[in-house]
1. Within segment 215-271, which strands (runs of 3 or more DSSP E) (wholly inside it) include 2 or more residues that are more than 16 Å from LEU15 (Cβ to Cβ) and within 14 Å of the ligand (Cβ to nearest atom)?
2. Residue pairs, Cβ under 6 Å, 6 or more apart or interchain, first in segment 94-122 and without any contact (Cβ under 8 Å) to a residue 40 or more places away in the chain, second in a loop (DSSP other than H, G, I, E, B). List them.
3. When you check LEU454 against the structure, is it buried (at least 22 other Cβ atoms within 10 Å of the Cβ) and either small (Gly, Ala, Ser) or more than 13 Å from the ligand (Cβ to nearest atom) (or both), yes or no?
4. List pairs: first in segment 416-430 and at pLDDT 95 or above and in a loop (DSSP other than H, G, I, E, B), second among the hydroxyl-bearing types (Ser, Thr, Tyr) and more than 6 Å from the ligand (Cβ to nearest atom), Cβ under 7 Å, 6+ apart or cross-chain?
5. Quick one: which of THR298, THR280, THR312 is more than 28 Å from ASN250 (Cβ to Cβ), of a type in the set (Val, Ile, Thr) and within 16 Å of the ligand (Cβ to nearest atom)?
6. So, in segment 455-475, exactly how many residues are under 12 Å from the mean Cα position of the chain (by Cα), closer than 22 Å to HIS485 by Cα and assigned to a loop (DSSP other than H, G, I, E, B)?
7. Need a quick list: strands (runs of 3 or more DSSP E) entirely within segment 318-384 having at least 1 residues that are touching a residue at least 40 places away in the same chain (Cβ under 8 Å) and away from the ligand (no atom under 14 Å from the Cβ).
8. Consider segment 316-342. How many of its residues are touching a helix residue (DSSP H, G or I) at 6+ places or on another chain (Cβ under 7 Å) and either polar (S, T, N, Q) or closer than 22 Å to THR182 by Cα (or both)?
Amino acid sequence: MSKNIAIIGSGFSALSASCHLAKAGHKVTIFEKNETIGGRCRQFKKDGFTFDIGPSWYWMPDIFDKFFAEFGKKTSDYYELDKLSPAYKIFFKDDTITIGDCMDKICLEFERIEKGSSIPLRKFIKTAQENYDIAINKVVLKPGISPLELVTPETVTRLDQFFKTISSEVRKRFKNPKLISTLEFPVLFLGAKPNKTPSFYSFMNFADFGLGTWHPKGGMYKVIEAMETLSKSLGVTINTNASVSKINVNNKKATSIEVNTKVLNFDVVLSGADYHHSETLLNPEHRQYSEKYWSKKTFAPSSLLFYVGFNTKIENVNHHNLFFDTDFEKHAQEIYDNPTWPSDPLFYANFPSETDKTMAPEGCETGFFLIPIAPGIEDTPQLREKYFNLILTRLELRIGQKVRNNIIFKESFCVNDFISEYNSYKGNAYGMANTLLQTAFLRPNLKSKKVSNLYFTGQLTVPGPGVPPALISGKLVADLIHKHHNN
Ligand SMILES: Cc1cc2nc3c(=O)[nH]c(=O)nc-3n(C[C@H](O)[C@H](O)[C@H](O)COP(=O)(O)OP(=O)(O)OC[C@H]3O[C@@H](n4cnc5c(N)ncnc54)[C@H](O)[C@@H]3O)c2cc1C
């Protein structure tokens, strides 16, 4: 029977759930607090420049394909996708590594750095591919209710990979620090240090080297626009500037939500907003997790972000660039172990206009910079400015070009904005990390244990951080809701 379902938020997970629920015949209404939809993946345009506010790496294209295929659609019905060649560039103090768009090119680059390294690399990526197939086709499609979900004929033979770390496995096979950093990079998307991330997650290395890095022409927001078009075609109603301030519960059932002083009744409530915030919309007795619970969890980093319009082309850079020219271990400690502003941070620079002319006026460059930082640390205009100068100096040094006087404008985004824009716990950028003890059934539940018709989706629940997991999270929760409320 069709249910009247409210969805809080309009990020990837909420939009995904809305499409699946509407397809199953339910009446779905989205309430998004911000002026535009997309959550972490909004976009802003200024003076002919286009900036994706959050995600910029389009990895695991198969997950996007599968999502649209469930509705009889293809990504090409909505946006044009390019495989980036090269995929990205890593700057070290004394050299750069360029990651090509296929294993043969990547092997050549590994051989240049360390003779013979392409042999263990091919073996490592073969295991990573097997893990990818298991993770994506078997494990990740489970709702995280029971530990038994992790037990499949394939995973039991790989049990050791849940207890070894990606860091130790990489270090066993490679000695060159640059190759180690290159292979540890993909799991940073999961939000924890490589030495806290199980080696089973090497499937991220297959996503990187095996499946490649893609770019939707016009930016990541094209995917949000595609999902908006799809959801509306399925009958979903989307309200923006609609902040939900309360979930009312009666007799262990969510009965209504409060939005801009109105009380609206629904049969089922699903929150795609940050899980911690979603629970604060309930009276304390209906919350499942205490403040102590959240404070003990490993959160993904927050970020200091800059969006910069340059009136010149930036030389010697690619679309995606990692500046790994400082001590990663020290920076990681300053994020996870002793939360503080990093003394000498690694950073990421994205120049989408290098490959996509629609992103900047002719002869200009759109620059996006990201420094990972500890969630919850002090955020002031002075600190932002200090770090902008620091990374600009490093950029100029590594690329051998002065660009400081070519800045037309710059905007920044940091901890305080993550909190005010998304109600994010401590200003985390991309949710709760995937560590061994924060995997699958050990993550906050999709279904409330205290309120029978209340559900959660997104990067703090299963499967975890990132755009592809958010698409999957929306499907998992939609299936659960449909199963429990289809009568
Ligand atoms: C800077 C940055 C870079 C990233 N880079 C990548 C990348 O390159 N590749 C990748 O795959 N992933 C990346 N990620 C991660 C990815 O963007 C996220 O994991 C994903 O977008 C999260 O989607 P979500 O649906 O869980 O949540 P969100 O996108 O956060 O959506 C939650 C929504 O809920 C809304 N909301 C909150 N409170 C309320 C309320 N009370 N009422 C109504 N609405 C409310 C928020 O406004 C927001 O729109 C990045 C994230 C960030 C921040």
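The values are calculated or read from the model by the stated rules, or taken from the named source; none is laboratory data. This one's a predicted model, so the numbers in the text were calculated from it and none came from an experiment. No Cβ is skipped: glycine too gets one built from the backbone with ideal geometry, and neighbour counts run over all protein chains shown.
1. Working: elements: 237-239, 244-250, 253-259, 262-265, 268-271.
Result: 244-250, 253-259, 262-265.
2. From residues that are without any contact (Cβ under 8 Å) to a residue 40 or more places away in the chain, the pairs are GLY100/PRO86.
3. Values: buried (at least 22 other Cβ atoms within 10 Å of the Cβ): yes; either small (Gly, Ala, Ser) or more than 13 Å from the ligand (Cβ to nearest atom) (or both): yes.
Criteria met by LEU454.
4. ASN428/SER302; ALA429/SER302
5. Values: THR280 fails: more than 28 Å from ASN250 (Cβ to Cβ); THR312 fails: within 16 Å of the ligand (Cβ to nearest atom).
Being more than 28 Å from ASN250 (Cβ to Cβ), of a type in the set (Val, Ile, Thr) and within 16 Å of the ligand (Cβ to nearest atom) holds for just one of THR298, THR280, THR312, which is THR298.
6. 1
7. Values: elements: 320-323, 347-350, 365-373.
Filter on segment 318-384 gives 320-323, 365-373.
8. At the first step, the residues of segment 316-342 found to be touching a helix residue (DSSP H, G or I) at 6+ places or on another chain (Cβ under 7 Å) are 316-319, 323-325, 328, 340-342.
Then drop every residue that is not either polar (S, T, N, Q) or closer than 22 Å to THR182 by Cα (or both), which leaves 316-319, 323-325, 328, 340, 342.
The qualifying residues number 10.
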